[in-house]
Amino acid sequence: MSATLSLAVLVSGRGSNLQAIIDACRSGRLRAKILAVLSDRIEAEGLRRAEAAGIPTIALAPRGYPSRRAYDEALFARISSFAPELVVLAGFMRVLSAPVVEAWAGRMINIHPSLLPKYPGLQTHRRAIEAGDREHGASVHFVSAEVDAGPVIARVRVPILPGDDPETLAARLLPREHALLTATLALFAERRLEWRPAGIHLDGCILDRPLELGADDRWLPA
Ligand code: GAR
């Protein structure tokens, strides 16, 4: 059996996706170990969740760094000291500079609350409702230099119901985000997913469209 997948997780706030990873590791559903949790915000609840789980934490505020790039390099120097196989952006709300992203190409993923390529950026729930969409969702993608635009690995869908507001829709989506992120990480942990310049590979074959997680937390047939 292959070795446990080692992770560094970056958070900016609440940390419910981080908690889902912690819980999946604890239950044995995910053969992974979080080596460290890092945040740009000292007060992030996600840091408290990591501490409660006995995971090393680093809070590094951007203030005082002369440029975005200088901050990113300091942050990723800390990450590198743990030598994780994969960096997970789990509600990390800063845009990363291109040199850092390129150095971690294929080794850094992000979860985003929309069916990418729809609605990169902020306020995704409100934008989906205002557009009259009948469904919404979340995507896990490899991080590239453009925001929320890297190759999409997997998605999960939820319906938009009459009377939904951004809060009700976000509350419906969040547990599905947790399922999507942990199921995708399980594919990495099973050594089934790989990023190559030619495209994402699953079980050695190129993935020509994102995986879709079903309501029963199983992958839907392609
Ligand atoms: C999640 O909904 C995540 O998809 C989103 O922030 C939230 C963090 O929640 N990420 C983005 O919008 C990134 N562009 P959490 O801190 O409870 O995991």
Output for the range 31-70, where each listed residue is under 15 Å from the mean Cα position of the chain (by Cα) and not in a strand (DSSP E or B): G46
Scan of the range 77-96 for residues that are more than 16 Å from the ligand (Cβ to nearest atom) and crowded, with 17+ Cβ neighbours inside 10 Å, ordered by number: I79, P84, L86
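Of the residues in the range 157-189, how many are surrounded by 14 or more Cβ atoms within 10 Å (Cβ to Cβ) and touching a Leu at 6+ places or on another chain (Cβ under 9 Å)? Steps first, please.
Taking the range 157-189 and keeping what is surrounded by 14 or more Cβ atoms within 10 Å (Cβ to Cβ), we get 157-158, 160, 164, 166, 168-170, 172-174, 176-189.
So of that shortlist, the ones also touching a Leu at 6+ places or on another chain (Cβ under 9 Å) come out as 157-158, 160, 168-169, 172, 176, 179-180, 182-189.
Number satisfying all stated conditions: 17.
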Residue ID - surrounded by the most Cβ atoms within 10 Å (Cβ to Cβ), chosen from residues in the range 98-117 that are away from the ligand (no atom under 16 Å from the Cβ) and not β-branched (V, I, T): W104
Tally of residues being away from the ligand (no atom under 13 Å from the Cβ), among the hydrophobic types (A, V, I, L, M, F, W, C) and within 15 Å of the chain's Cα centre (by Cα) across the range 6-29: 3
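No value in this document is a laboratory result; all are computed from the given coordinates. Just so it is clear, the structure is predicted and the values come from calculations on it, not from any experiment. Glycine gets a Cβ as well: all are built from the backbone with ideal geometry, and neighbour counts include every protein chain shown.
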